[in-house]
1. In Å², what does the accessible area per residue of region 3-163 work out to with a 1.4 Å probe?
2. Sorted by average packing, counted as other Cβ atoms within 10 angstrom per residue and highest first, what order do 87-94, 102-109, 57-64 take?
3. Assign unit charges at the C-beta atoms only (+1 for Lys and Arg, -1 for Asp and Glu), then state the dipole size of region 1-88 relative to its Cα centre in Debye, rounded to the nearest 20.
4. Using unit Cβ charges (K, R positive; D, E negative) and no other charged atoms, how large, in debye to the nearest 20, is the dipole of the chain about its Cα centre?
5. Round to a whole number: what % of the accessible area of region 3-163 belongs to carbon and sulfur, probe 1.4 Å?
6. Enter the Cα centre distance for the pair region 92-164 and region 34-83, rounded to the nearest angstrom.
7. So how many Å³ per residue does the convex hull of the Cα atoms of region 1-72 work out to?
8. Starting from the Cα-Cα distance between Leu142 and Asn12, subtract it from 0.36 nm times their residue separation and give me the gain in nm to one decimal.
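The values are calculated or read from the model by the stated rules, or taken from the named source; none is laboratory data. The structure displayed is predicted, hence computed values, not measured ones. Note: ideal-geometry Cβ built from the backbone for every residue, glycine included; neighbour counts use all protein chains shown. Each accessible area value is taken on the protein alone, full model and side chains, heavy atoms only, with ligands, DNA and RNA left out. Shrake-Rupley method; radii C 1.70, N 1.55, O 1.52, S 1.80 Å.
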Amino acid sequence: MPVIDVTKDPDNRTLRMTARFDAPVERVWQVYADPRQLEKVWGPPTYPATFVRHELRPGGTMHYYMTSPEGERYAGFWNVTSVDETNSFEFEDGFALNAENFAPDTDQPVSQNVYRFVADGDGTRAEYSSVYATEEGLAKVLEMGVVEGATQAINQIDEFLKNG
C-alpha cells in the first residue's frame with residue numbers, strides 16, 4: 001500500500017500523510033498536472049472526481065466535485081499559491097456549496113496544503129501536509145473521515161500508474 005504514515009497533530013492543527021509510489025517523481029507529478037489523470041485517483045474509489053477547472057499554477061484555481069454512488073455531488077476548490085514543477089505545490093483546499101458555481105462553503109474548514117514529491121530509490125516519496133486554521137476545523141474533517149477517504153484515494157495511485 002502506498003500510504004506508509006499518517007500523523008495527526010491537533011496542537012499544531014496539522015494532518016500529514018506520507019506515501020511511496022513505484023514510479024519516478026516526474027510520472028507521479030503528471031497525475032496531479034493532468035486533470036483527466038487526477039480524476040482517476042482523487043477521492044475514494046466509490047466517489048469518482050470530475051475536475052471542471054484545473055489551473056496548476058500560482059494564482060490558479062481548481063474546481064472539482066465527487067459523485068456519490070447515489071448521484072450526489074460534493075464540490076470543492078483549490079486555490080493554488082505556489083508551484084515548483086515536478087517537486088511540489090501549495091494550495092488552499094476548501095469545500096464548495098455546489099458544483100455549479102463552486103462558492104466556498106464558509107461553514108466548513110479550509111486547509112493550507114503542501115504536496116511534495118521526492119525521489120526515493122527507484123520510486124517517489126510523497127508528503128501531503130494540511131494545516132487548518134483551528135483545532136476544531138481539523139477535528140471536523142477527521143470526524144468526516146478525511147484520513148480514510150484520502151488513504152483510499154492515495155492507495156489508487158500505484159495501480160493507476162501501472163495500468164493507467
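1. Per residue, region 3-163 has 51 Å² of solvent-accessible surface.
2. 87-94, 57-64, 102-109
3. In total the dipole reaches around 100 debye.
4. 280
5. Heavy-atom surface of region 3-163 belonging to carbon and sulfur, 1.4 Å probe: 46 percent.
6. Each part's Cα centre sits 10 Å from the other's.
7. For region 1-72, the hull spanned by Cα atoms encloses 143 Å³ per residue.
8. That pair, Leu142 and Asn12, stretches by 45.4 nm at full extension.
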